[in-house]
Structures are given as structure tokens and as C-alpha cells.
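The values are calculated or read from the model by the stated rules, or taken from the named source; none is laboratory data. Owing to the predicted nature of the structure, the values given are computational and were not obtained by experimental measurement. Every residue, glycine as well, gets a Cβ built from its backbone with ideal geometry; the counts of neighbours run over all protein chains shown. These area figures cover heavy atoms from the full protein model, side chains too; ligands, DNA and RNA do not enter into them. Shrake-Rupley method; radii C 1.70, N 1.55, O 1.52, S 1.80 Å.
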Amino acid sequence: QVQLVESGGGLVQAGGSLRLSCVASGRISSINYMGWYRQAPGNQRELVAGITSNGTTNYLDSVKGRFTISRDNAKNTYYLQMNSLKFEDTAVYYCHAELQLLRLLGSYNYWGQGTQVTVSS
């Protein structure tokens, strides 16, 4: 019913930038919260940045000032602008959405397939 598709990952040198995109499609009524998570080998998945339906954002301390989450409501597209990338930012990045579906009660959680970000030192 719902798909989240990420794009924009890749290989970049330390200090460089990447912009990730996540497009949500399907029978979506509204998106309550969208988050970008990452998971490096051997580590737990962690929340990097999130944005609520009213635009409130939150960030992992280690990315504050370097990463920016934003959205284009008309396109149901969310972005993660990553600047001043560091080697330790290397991970698979996932978008996650808590949303409401057309003609269904309650909230539902969906994950994208992930996109690899590799930062070379």
C-alpha cells in the first residue's frame, strides 16, 4: 500500500556533501513523522534526524549543524542534506515514516530499503 524509496547515497570524501531523498507513495492520508535512520556494521540502527507534520525537527547530537532534514509536502518527499561528512557517518541510511492511510484508522510505520553512504577518509 505504501512505498518509501530512498536515493542519493554514494561514495564521498570526508568534508564533502550528499543529499538523500525519500519519496513516499501509496494510499497515504497524512504523514505524522518522517525520520532518517542509519546503521553501520556492528552497530544498532540510530535516529539521525526527524521532522514532524508541523515542521519540528530533531537531530542526533553528532550531526547537529552538519545535517538538515527538510520536506516537500506537495511531493511527499523528504530530504537529508549532509554536509561536512565524516568517516564515521558511513552507514546504510533508511527513511522511516509514521503515517495514516486513506480510509483506515490508526497510524502505520513503513521503512525504505536503505541507501549506502560511504565516506572515505
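As a ratio to 2.2 N^0.38 Å, the alpha-carbon radius of gyration computed for the chain takes the value 1.04. Binning the alpha carbon pair distances of the stretch 26-83 at 5 angstrom intervals from zero yields the distribution 4, 17, 28, 22, 16, 8, 4, 0, expressed in whole percent. For the stretch 12-61, with all protein chains in place and a probe radius of 1.4 Å, 43% of the accessible heavy-atom surface sits on carbon or sulfur. Summed over the residues of the stretch 1-95 and divided among them, the accessible surface reaches 51 Å² per residue at a probe radius of 1.4 Å. A Cβ-based charge dipole, computed about the Cα centre of the chain with Lys and Arg at +1 and Asp and Glu at -1, lands at about 220 debye. Each label was represented as a point 7 Å from its Cα along the Cα-to-Cβ direction; for residue 53 and residue 30 these points are 0.2 nm apart.
A simple spin-label model places pseudo-atoms 7 Å from Cα toward Cβ; at residue 98 and residue 120 they are separated by 4.0 nm.
Taken along the Cα-to-beta-carbon direction at a fixed 7 Å, the label points for residue 40 and residue 70 span 2.7 nm.
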